[in-house]
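Written below as structure tokens is the structure these notes are about.
Read-outs throughout are calculated quantities, based only on the coordinates presented, and are distinct from any laboratory measurement. Computed from a predicted model, the values in this text were never measured in an experiment. For neighbour counting, all protein chains shown are included, and Cβ atoms are generated from backbone atoms with ideal geometry for every residue, glycine included.
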Amino acid sequence: MRKIFGVIALFSLFYRVYSQPQVTKEFTKSLVTEDFSNLTGKWQEMSTSENLITGSNPGYEVWRKNRKSGFFVFPETKKELQFFEINVSFRFSAKGNKSQSAGVILQIPEKNNGGVVVEVNRKGQFRVLRAVNKNRSPTSGGETGWIKTSGLVRQDNNTILIRTYDKIYDLYLNGKYI
């Protein structure tokens, strides 16, 4: 019995280490490109006691003043896509706290009350969450969902690339398939 368990454990370890991207679809047409040079009608800008969200040249800056909870920013316009490739570039503020995180949210219901969150933090970790209303539950890692990336997430420029087709998702952090 131990040999069978050992073989199964070895196979699952081998599968995780040598897994390959599953989405082979080529995306050749750009449906949305955003450089945040004109936010009007596309992205909100605000300054409240909890958030400062503003356009900058170039980019879009989100400063979360409330360090105890997260916050989502949704575009004003919505596009429903069955399959896509999304590439998001971001960087962490050198002046920000050590628990900064950034990411992208997918599969957003009509009322903007949840979705699937792919997030990275300044500690070099990533996680995938299922968000519904104000509740978030990890689908990766342990209790909090964070998984260490061994130097993959940087303090300067980072990218999250997600490719999906036929309900399969491939995740890349800074060009590396996760």
Under a cut-off of 24 Å between alpha-carbon atoms, report the lysines in cross-link reach of residue 148, not counting same-chain residues fewer than 8 places apart. 68, 95, 98, 123, 176
If every Lys and Arg gets +1 and every Asp and Glu gets -1 at its Cβ, then about the Cα centre segment 26-113 yields a dipole, in debye to the nearest 20, of 500
Please go through segment 57-164 and write out the GluC sites (Glu not before Pro) that DSSP classes as loop and that have at most 15 other C-beta atoms within 10 Å. 76, 80, 110, 143
Taking a straight Cα-to-Cα line shorter than 18 Å from residue 42, and setting aside same-chain lysines fewer than 8 residues away, one finds 78, 79, 111
Would you mind getting the Kirkwood hydrodynamic radius of segment 122-178 from its Cα pairs, rounded to one decimal in Å? 12.6
So which trypsin sites (Lys or Arg not before Pro) in segment 133-169 pass both tests, a DSSP loop state and at most 13 other Cβ atoms within 10 Å of the Cβ? 134, 167
Stokes-Einstein diffusion coefficient for segment 58-175 at 25 °C in a medium of 0.890 mPa s, Rh from the Kirkwood formula over Cα pairs: what value in µm²/s? 162
Of the trypsin sites (Lys or Arg not before Pro) in segment 72-110, those whose Cβ has at most 10 other Cβ within 10 Å and which sit in DSSP loop: 78, 79, 95, 98
Starting from the Cα of residue 42, step 7 Å along the direction of its Cβ; do the same at residue 87; then give the gap between the two resulting points in nm. 1.7
